[in-house]
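Encoded as structure tokens, the structure appears first; notes follow it.
Read-outs throughout are calculated quantities, based only on the coordinates presented, and are distinct from any laboratory measurement. Everything numeric in this text was worked out from a predicted model, so none of it was measured. Every residue, glycine as well, gets a Cβ built from its backbone with ideal geometry; the counts of neighbours run over all protein chains shown.
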């Protein structure tokens, strides 16, 4: 079993490796095989409508299981907000030269306006 210090990368946030759900993939494949086999057998030997119903329900449940197997592998809200704050800070720092130019232009404009109104 992995320790809580082991992590797997998931974007900017680290997710503990023990939450990966990797061992359940084999069980999911076995369930898929059983559901498909049972659905086909029900289609052939019992009733086509009942077999189709069982097959559709089984495939739907397998799809839900496949989607939900890594339900808890996403970063937390705090991790996402921290990454967002870092991106915003980097973007703000990249635009500092443009803000300085705009500030200088604005101050020059204000000085021209003050000279105009003072005449």
query = For region 54-78, what are the residues that are farther than 22 Å from residue 30 by Cβ and out of contact with any helix residue (DSSP H, G or I) (no Cβ under 7 Å at 6 or more places or on another chain)?
reply = 74, 75, 76, 77, 78
query = Can residue 78 be described as part of a helix (DSSP H, G or I), without any contact (Cβ under 8 Å) to a residue 60 or more places away in the chain and within 18 Å of the chain's Cα centre (by Cα)?
reply = yes
key: Within region 69-80, tally of residues that are under 29 Å from residue 32 (Cα atoms) and exposed (fewer than 11 other Cβ atoms within 10 Å of the Cβ)   = 1
task = Would you check if there is a residue in region 81-99 being surrounded by 10 or more Cβ atoms within 10 Å (Cβ to Cβ), in contact (Cβ under 8 Å) with a residue 60 or more places away in the chain, in contact with a strand residue (DSSP E or B) (Cβ under 6 Å, 6 or more places away or on another chain) and in a helix (DSSP H, G or I)?
result = no
